[in-house]
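Trainee: This is the structure I have questions about; it appears just below.
The values are calculated or read from the model by the stated rules, or taken from the named source; none is laboratory data. This is a predicted model, so every value here is computed, not measured. Note: ideal-geometry Cβ built from the backbone for every residue, glycine included; neighbour counts use all protein chains shown. Ligands, DNA and RNA are excluded from the accessible area calculation, which covers all protein heavy atoms including side chains. Shrake-Rupley method; radii C 1.70, N 1.55, O 1.52, S 1.80 Å.
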Amino acid sequence: REEEERLRNKIRADHEKALEEAKEKLKKSRDEIQAEIQTEKNKVVQELKKKDSKPLPPVPLPNLIGINSGEPADPDIQEKRNKIKEMMKHAWDNYRQYGWGHNELKPIARKGHSTNIFGSSQMGATIVDALDTLYIMGLHDEFREGQEWIDKNLDFSVNSEVSVFEVNIRFIGGLLAAYYLSGQEVFKIKAVQLAGKLLPAFNTPTGIPWAMVNLKSGVGRNWGWASAGSSILAEFGTLHMEFVHLSYLTGDPVYYNKVMHIRKLLQKMDRPNGLYPNYLNPRTGRWGQHHTSVGGLGDSFYEYLLKAWLMSDKTDTEARKMYDDAIEAIEKHLIRKSNGGLTFIGEWKNGHLERKMGHLTCFAGGMFALGADGSRDDKAGHYLQLGAEIAHTCHESYDRTTLKLGPEAFKFDGGVEAVAVRQNEKYYILRPEVIETYWYMWRFTHDPKYRQWGWEATQAIDKYCRVSGGFSGVKDVYSSSPTYDDVQQSFFLAETLKYLYLLFSNDDLLPLDNWVFNTEAHPLPVLHLANTTLSGNPAYR
């Protein structure tokens, strides 16, 4: 109570001070203001220079288990695994030749490609995203090429507006994983530099970060299309794993504090039906429209609650409780069985359930399986079964197409089940979520059908998405002569090919007791935090 009162007074005082300053500013001439801004800017630049040069404290590397093993004994499995490695090499070599340094590759036009999530600059997203996959596949020459580019060319002081979420999961996640796997300091240094550039995004009235931040100026804003200027649950809720590791590696609690502040704020809020809406306004701290989804806009928030608990060596029980509460509400309100007996996860929109499931939602099968152990009331068997049912539904969405590749979204209405209805939902852009679920289900059950399904997907990708200049998404999975979208997504190398490779490897490669995968499939080690700088934090006691 006293704490709250003190905070309230502090906020009031800060607010009044800001008003006073604003009044003062308004009295000044334009030139004076320009001069002041320039001074402030210079101060910030100097500070950053000082910061950048400060060496990072030495921290013990967690005990890293299973980073270059996994060779299957069965020659048939070995052959399949080698095929997947060959596909990775095809994707990488073409990017190396035609798109090097660009964020992604256009495999048909054979040139670089970039989308607005990476801002306007060439940041080599594919390189950073692919590093850990190259490493575990033993493609060490390629790994070294990537490392060299990062060392010489990866520069974050560019005047470019980037997605905080995408840069966190792909760049910070990719750099941290590369650091833990290889022990090369350059990756740690770059990850910490970049993280410093993301921190200004948290300068909002609530501490809920903006969706986008300019890496040079630190100015943040939200996506124009999001509900009433809201931030998105899956974006501000998918920072925890990376930020905890940043605090671990730097000894600086600022990152940990930012994500714990978000968690505390979410815990205090009312949740309609126990569900978390996808939109939250960073100015007012109120929910935007009440739209809830385990697919895009919501998905990885739930995943990171579970993974926060796993990554803390199961000591962060607060995260586990939030996860359990959330999936209980999801099961009650969003999960249904279709007339044809397929279990699916719908979306809550404007007070009713939309019977549609996105490809992105298919990751949830793996999540339920991963969270089965440690669930409430002895429900481990139930959640493993639920994971299996979702895997089956998502496999059906692949099996019911011409190409045997899944559409972006599929309906469960009337006679139509697990099939896309709208033309703009029939595309496949090399997404990993279904394969990710096959891999988790394989690890937990060793049911051979998951390898069979994974192999079906591998063959379909190789047959219909492979072109001489790399791999491309296709615009219609129900057409026997599909058109290409001409983009080789960075997540194809980071996730799709990694999960396939792991599916055909032994369990001793990146064992789940020691590694937790971020939402871009970048493996981060479980932190046994009793002996580190974070042990002062109550969540880790």
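Trainee: What is the distance, in nm, between label points placed 7 Å from the Cα along the Cα-to-Cβ direction at residue 271 and at residue 445?
Mentor: 2.7
Trainee: Return the carbon/sulfur percentage of the accessible area of the chain, one whole number, probe 1.4 Å, all protein chains in place. Walk me through the intermediate numbers first.
Mentor: Numbers: 11340 of 22580 Å².
That share works out to 50 percent.
Trainee: Is the C-alpha gyration tensor of the stretch 431-501 telling us rounded, prolate or oblate? Criteria: a/c under 1.5 is rounded; beyond that, a/b larger than b/c is prolate, otherwise oblate.
Mentor: Prolate, since a/c reaches 1.5 and a/b exceeds b/c.
Trainee: Hey, how much of the P(r) for the stretch 375-494 falls beyond 24 Å, as a percent of Cα pairs? Present the calculation step by step, with values, prior to reporting the outcome.
Mentor: On the way: 2201 of 7140 pairs.
Of the Cα pairs, 31 percent sit more than 24 Å apart.
Trainee: List, in order, the whole-Hz ³J(HN,Hα) value for each residue of the stretch 210-219 obtained from phi through the Karplus relation with A = 6.51, B = -1.76, C = 1.60 and θ = phi - 60°; use x for Gly and Pro.
Mentor: 5, 6, 10, 9, 7, 4, 7, 8, x, 7
Trainee: Order 232-241, 11-20 from most to least packed using the mean count of other Cβ atoms within 10 Å. Don't skip to the end; give the middle numbers.
Mentor: Values: 232-241: 25.9, 11-20: 10.2.
Highest mean packing first, the order is 232-241, 11-20.
Trainee: At a 10 angstrom cut-off on C-beta neighbours, averaged per residue, how do the peptides 448-458, 364-374, 268-278 rank from highest to lowest? Write out the running numbers ahead of the final one.
Mentor: Working: 448-458: 18.4, 364-374: 23.6, 268-278: 16.4.
Answer by packing, highest mean first, reads 364-374, 448-458, 268-278.
Trainee: Give the calculated FRET efficiency between residue 120 and residue 475 to the nearest 0.05, with a Förster radius of 30 Å applied to their Cβ-Cβ distance. Write out the running numbers ahead of the final one.
Mentor: Details: r = 26 Å, r/R0 = 0.88.
For residue 120 and residue 475, the calculated efficiency is 0.70.
Trainee: With a point put 7 Å past each Cα toward its Cβ, work out how far residue 339 is from residue 484 in nm, to one decimal.
Mentor: 4.1
Trainee: May I ask you to give the solvent-accessible area per residue for the chain, in square angstrom, as obtained with a 1.4 angstrom probe? Walk me through the numbers on the way to the answer.
Mentor: Numbers: 22580 Å² over 541 residues.
Accessible area per residue: 42 Å².
Trainee: In degrees between 0 and 90, to the nearest 10, how far off the longest principal axis of the chain does helix 299-311 point, with axes built from Cα atoms?
Mentor: Helix 299-311 sits at roughly 80 degrees to that axis.
Trainee: Next question. Please label the shape of the stretch 92-185 as rounded, prolate or oblate, based on the square roots a ≥ b ≥ c of the eigenvalues of the alpha-carbon gyration tensor (a/c under 1.5 means rounded; beyond that, a/b larger than b/c means prolate, else oblate).
Mentor: Numbers: a/c = 1.82, a/b = 1.16, b/c = 1.56.
The shape class here is oblate.
Trainee: Hey, another quick one. Could you give the size of the charge dipole of the chain about its Cα centre, using +1 on the Cβ of each K and R and -1 on the Cβ of each D and E, expressed in debye and rounded to the nearest 20?
Mentor: I would put it at about 1340 debye.
Trainee: Further question on the same structure: Suppose R0 equals 25 Å. What FRET efficiency, 1/(1 + (r/R0)^6) with r the Cβ-Cβ distance, do residue 100 and residue 184 give to the nearest 0.05? Show your work: numbers first, answer last.
Mentor: On the way: r = 20 Å, r/R0 = 0.79.
Efficiency computed from Cβ-Cβ geometry: 0.80.
Trainee: Per-residue counts of other Cβ atoms within 10 Å, averaged by peptide: what ranking do you get for 375-385, 243-253, highest first?
Mentor: The peptides rank, most packed first, as 243-253, 375-385.
Trainee: For residue 21 and residue 283 in one chain, what is 0.36 nm times their gap in residues minus the Cα-Cα distance, to one decimal in nm? Kindly include the intermediate steps, with their values, before the conclusion.
Mentor: Details: separation 262, 0.36 × 262 = 94.32 nm, distance 1.99 nm.
Gain in length upon complete extension: 92.3 nm.
Trainee: A further question follows. Considering only protein heavy atoms, what is the solvent-accessible area of residue 210 at a probe of 1.4 Å, reported in Å² to the nearest 10?
Mentor: The accessible area comes out at roughly 40 Å².
Trainee: Return P(r) of the stretch 121-176 (all Cα-Cα pairs; 10 Å bins starting at 0; whole %; ordered from short to long distances).
Mentor: 23, 55, 19, 2
Trainee: Give the angle, between 0 and 90 degrees and rounded to the nearest 10, that separates the Cα long axis of helix 140-153 from the longest principal axis of the Cα atoms of the chain.
Mentor: 20
Trainee: Still on this model: How high is the relative contact order of the chain, in percent, counting Cα pairs under 8 Å that sit 6 or more residues apart?
Mentor: Rounded, it is 17 percent for the chain.
Trainee: Per q in 0.10 1/Å, what log10 I(q)/I(0) does a Debye calculation on the alpha-carbon atoms of the chain return?
Mentor: Debye output, listed in q order: -0.82.
Trainee: Right, next: Whole angstrom only: what separates the Cα centroid of the stretch 375-403 from the Cα centroid of the stretch 225-267?
Mentor: If you average the Cα positions of each part, the centres end up 29 Å apart.
Trainee: Scan around residue 111 for amide H atoms under 5 Å from its own, H built in the peptide plane at 1.01 Å from N, and keep only partners 5 or more places away or cross-chain.
Mentor: Distant-sequence amide H within range of residue 111: 106.
Trainee: Once you place label points 7 Å from the Cα toward the Cβ at residue 83 and residue 2, how far apart are they in nm?
Mentor: 6.9
Trainee: Compute the Cα gyration tensor for the stretch 315-461, then decide on rounded, prolate or oblate, letting a ≥ b ≥ c be the square roots of its eigenvalues: rounded whenever a/c is under 1.5, prolate when a/b is larger than b/c in the other cases, and oblate in all that remain.
Mentor: Numbers: a/c = 1.99, a/b = 1.26, b/c = 1.58.
Judged from the Cα gyration tensor, the stretch 315-461 comes out oblate (a/c at least 1.5, b/c at or above a/b).
Trainee: Suppose we take every Cα in the stretch 159-238 and form the convex hull; what volume per residue is that in Å³? If you can, show how the numbers build up before the last one.
Mentor: Numbers: hull volume 7.1 nm³, N = 80.
It comes to 88 Å³ per residue, whole-number rounded.
Trainee: Can you give the helix-only mean residue ellipticity at 222 nm for the chain, where every DSSP H stretch with n ≥ 4 adds -39500 (n - 2.57) and the sum goes over all residues, rounded to the nearest 500 deg cm²/dmol?
Mentor: Details: 17 runs with 250 residues, N = 541.
Calculated mean residue ellipticity at 222 nm is -15000 deg cm²/dmol.
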